[in-house]
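Peer 1: First the structure, which I've put down as structure tokens, then a few questions once you've had a look.
The values are calculated or read from the model by the stated rules, or taken from the named source; none is laboratory data. Since the structure is predicted, the reported quantities are computational estimates derived from the model, not experimental observations. Every residue, glycine as well, gets a Cβ built from its backbone with ideal geometry; the counts of neighbours run over all protein chains shown. Heads up: the accessible areas ignore ligands, DNA and RNA and are worked out on the full protein's heavy atoms, side chains in. Shrake-Rupley method; radii C 1.70, N 1.55, O 1.52, S 1.80 Å.
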Amino acid sequence: KSCQTGTISTAEAAVQSQTSRDASVQTDQSKDAVQDFQQEVQVDYTSLLSFLQRVEDAVIKELNKNWRSRAFDGFEVNWTDQNETVLCLHTLSYPEAQDQNLQVTSVSWNATGSVVACSYGRLDAGNWSTEKSYVCTWNLDRRGLNPQRPDLVVDVPSSVMSLAFHPSQPSLIAGGLFSGELVVWDTSRTEDPVIWRTGMTDDTHTDPVYQVNWLPDAKHRNHCRLLSVSTDGKILVWREERDGRLALAEGFAVVAQQMPRSTQLKKFAWGEAAVGVTSLSFSHFDPRVFVVGAESGHSLKCSTAAETLALHWTGSSVPLRAPADFAFSPHGGPVYSVSCSPFHRQVLNLFLSCGTDGQVHLHSMLQPHPLLSLQLSKKYLFCVRWSPVRPLVFAAASGEGNCYKCFCSTGEVHLFDFERSSQKPALSIQQAADERPVYCLEFNVRQTRLLAAGDATGTVKVWQLSSDFTEQGPREMNHLEQLASEITD
């Protein structure tokens, strides 16, 4: 009585299958039955064509109606099970490094998303320069994974301060050392994994290398160059040579006297030209634009297209240029991490920064003052990363937080979702006890539910995020634009 369509009469005139009966089990089937089954099905193509022609207009009409409908705007099909909790999947460590009280200074996922690597070193007091350290990798898809026995351990004579897997070659990983050197290891070579290194030359950094990045080589397709960042103020780009050497291709230097005039660093004397660079992140809409975090507390907008030479910088095999063209309002202490939004929309052009004042700043590259300042910790924030899949989500690693069970101090991973609140984290995960900081974290771009975080206890924890943090809601980019405009107004 109440159905949407009129009554449809049907009649079964023919079927594709042949008449059959069960004669025996499948493995003991007769030859005749096999032949019947393999007979070609006869199709009346003339009748089929006639049917398609009769229904064509009605089908096209319905398709056009559905195409114009906005009922499912922003809806994405999710074929995976919903996971409403954040779980610790793995707790990884290398006992020998922990016996030396070494800390996890950096983590990185390889190109497949199945291997996580960490570097061991020191970010607190200690004999950094002479202490032996390690790079360790674990394949999380490997059967019989032993969380305290890495698949590969590379001995390194100096603390490893930063780490980055190659974006497309899963076995290549680059590291920046306390000594100022850069090294590239091939994890598929267990005997001698070192394939390139800078060595100690006039071009080598004179301070620890706090970040390494792989950059696409504009001149050679499918090739990458290495970029390194150090507190000596230099940002250097390296090319691979056939003799296993990394040679300097181009370089930049952040100099106090060449900072934008509105934010000149007056505390620097003329003889102390270098501004220590601690972190770097490239824009995702313009490959020439990048943001650096500095020891001065500033975040600086820079460009690889800069042509002005850096003042008072000699001794380098290539001329060093001054890249900074805009400075943002500073933090209350050194900036430890910056992260540009990976979502393409130039009107937003956002990035995050964090540092020793325990704040995260949300910035637009178009104005000096932060859109939002969030006090996430009473102590240092060491790392901030924008989610690769949710425009409104980011994660930050802190030096302290209060455990809800015993009120002791713990290192925490904060997950922030602007859709829920623009003032406080959606979730804070306790990772390291006894006031031991979380130093580094990285989202997994391939397996987007995984987040790796390394801490001062020498432990890497792999967290599985809930669907709340990994599935983009309808019009999420519009929400971020609206949030940015509301804050600006």
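Peer 1: Within region 234-270, take every residue that is in a strand (DSSP E or B), over 22 Å from A305 (Cβ atoms) and not aliphatic (A, V, I, L, M) and give me the one that is modelled with the lowest pLDDT.
Peer 2: E240
Peer 1: Condition first: modelled with pLDDT under 85 and either on the phi > 0 side of the Ramachandran plot or open to solvent by less than 40 Å² (accessible area, probe 1.4 Å) (or both). Now tell me which residues in region 374-405 satisfy that. First the steps, then the outcome.
Peer 2: If we filter region 374-405 for residues that are modelled with pLDDT under 85, which is where we start, we get 376-379, 399-405.
L376, S377, G399, E400, G401, C403 - these are the residues of region 374-405 that are modelled with pLDDT under 85 and either on the phi > 0 side of the Ramachandran plot or open to solvent by less than 40 Å² (accessible area, probe 1.4 Å) (or both).
Peer 1: Also, I was wondering about something else. Evaluate region 122-140: report whether one residue or more is assigned to a loop (DSSP other than H, G, I, E, B), of a type in the set (D, E) and either under 21 Å from the mean Cα position of the chain (by Cα) or modelled with pLDDT under 95 (or both).
Peer 2: Of the residues in region 122-140, the ones assigned to a loop (DSSP other than H, G, I, E, B) are 122-132, 140.
Going one step further and asking which of them are of a type in the set (D, E), we end up with 124, 131.
Narrowing the set further to residues that are either under 21 Å from the mean Cα position of the chain (by Cα) or modelled with pLDDT under 95 (or both) leaves 124, 131.
Checked region 122-140: at least one residue is assigned to a loop (DSSP other than H, G, I, E, B), of a type in the set (D, E) and either under 21 Å from the mean Cα position of the chain (by Cα) or modelled with pLDDT under 95 (or both).
Peer 1: Please pick out the residue among T201, T206, T137 that is farther than 29 Å from V462 by Cα and in contact with an Asp or Glu (Cβ under 7 Å, 6 or more places away or on another chain).
Peer 2: Details: T201 fails: in contact with an Asp or Glu (Cβ under 7 Å, 6 or more places away or on another chain); T137 fails: farther than 29 Å from V462 by Cα.
The match here is T206.
Peer 1: Between residues in region 299-321 that are within 29 Å of S364 (Cβ to Cβ) and residues that are assigned to a loop (DSSP other than H, G, I, E, B) and of a type in the set (K, R), which pairs lie under 6 Å by C-beta distance while being six or more apart or on different chains?
Peer 2: S303/R288; T304/R288; A305/R288
Peer 1: If a residue must be outside any strand (DSSP E or B) and free of Cβ contacts under 8 Å to residues at least 60 places away in the same chain, how many such residues does region 202-233 contain? Give the derivation first.
Peer 2: Step one: of region 202-233, the residues outside any strand (DSSP E or B) are 202-208, 217-223, 231-233.
After this cut, where a residue has to be free of Cβ contacts under 8 Å to residues at least 60 places away in the same chain as well, the list is 204-206, 217-223, 232-233.
Counting residues in region 202-233 that are outside any strand (DSSP E or B) and free of Cβ contacts under 8 Å to residues at least 60 places away in the same chain gives 12.
Peer 1: For a quick check of your reading of the model, give me the residue pairs whose first member lies in region 64-92 and is under 15 Å from F469 (Cβ atoms) and β-branched (V, I, T), whose second is modelled with pLDDT of 60 or more and open to solvent by less than 70 Å² (accessible area, probe 1.4 Å), with beta-carbon atoms closer than 6 Å and at least 6 apart or on different chains.
Peer 2: T85/S466; V86/W463; V86/L465; V86/S466
Peer 1: When region 160-177 is examined, which residues are found to be touching a Cys at 6+ places or on another chain (Cβ under 9 Å), open to solvent by 20 Å² or more (accessible area, probe 1.4 Å) and of a type outside the set (S, T, Y)?
Peer 2: Selection gives P167, Q169.
Peer 1: Show the residue pairs that are 6+ apart or on different chains and have beta-carbon atoms under 8 Å apart, the first residue being within region 106-132 and farther than 12 Å from A456 by Cα and open to solvent by 30 Å² or more (accessible area, probe 1.4 Å), the second being at pLDDT 85 or above and among the acidic types (D, E).
Peer 2: K132/D155
Peer 1: Filter region 196-217 for residues that are charged (D, E, K, R) and over 17 Å from L320 (Cα atoms); which is surrounded by the fewest Cβ atoms within 10 Å (Cβ to Cβ)? So that I can check it myself, show each step before the final result.
Peer 2: Restricting attention to region 196-217, the residues satisfying the condition of being charged (D, E, K, R) are 197, 202-203, 207, 217.
Then keep just the ones that are over 17 Å from L320 (Cα atoms); that gives 197, 217.
Values: R197: 18, D217: 15.
Checking each candidate, the answer is D217.
Peer 1: Here is a further query. If a residue has to be open to solvent by less than 40 Å² (accessible area, probe 1.4 Å) and outside any helix (DSSP H, G or I) to count, how many in region 462-478 make the cut?
Peer 2: Counting residues in region 462-478 that are open to solvent by less than 40 Å² (accessible area, probe 1.4 Å) and outside any helix (DSSP H, G or I) gives 6.
Peer 1: Out of region 438-461, which residues are of a type in the set (A, V, I, L, M) and surrounded by 20 or more Cβ atoms within 10 Å (Cβ to Cβ)?
Peer 2: Taking region 438-461 and keeping what is of a type in the set (A, V, I, L, M), we get 438, 441, 445, 450-453, 456, 460.
Hits for region 438-461 are V438, L441, L450, L451, A452, A453, A456, V460.
Peer 1: Further question: Which one is farthest from the chain's Cα centre (by Cα), of the residues in region 412-427 that are in contact (Cβ under 8 Å) with a residue 40 or more places away in the chain and open to solvent by less than 30 Å² (accessible area, probe 1.4 Å)?
Peer 2: Restricting to residues being in contact (Cβ under 8 Å) with a residue 40 or more places away in the chain and open to solvent by less than 30 Å² (accessible area, probe 1.4 Å), the top hit is F418.
Peer 1: What is the number of the single condition among (1) at negative phi; (2) surrounded by fewer than 16 Cβ atoms within 10 Å (Cβ to Cβ) that E435 does not meet?
Peer 2: (1)
Peer 1: So how many residues does region 329-370 have that are touching a Leu at 6+ places or on another chain (Cβ under 8 Å), closer than 25 Å to V438 by Cβ, open to solvent by less than 20 Å² (accessible area, probe 1.4 Å) and not in a strand (DSSP E or B)?
Peer 2: So the answer is 2.
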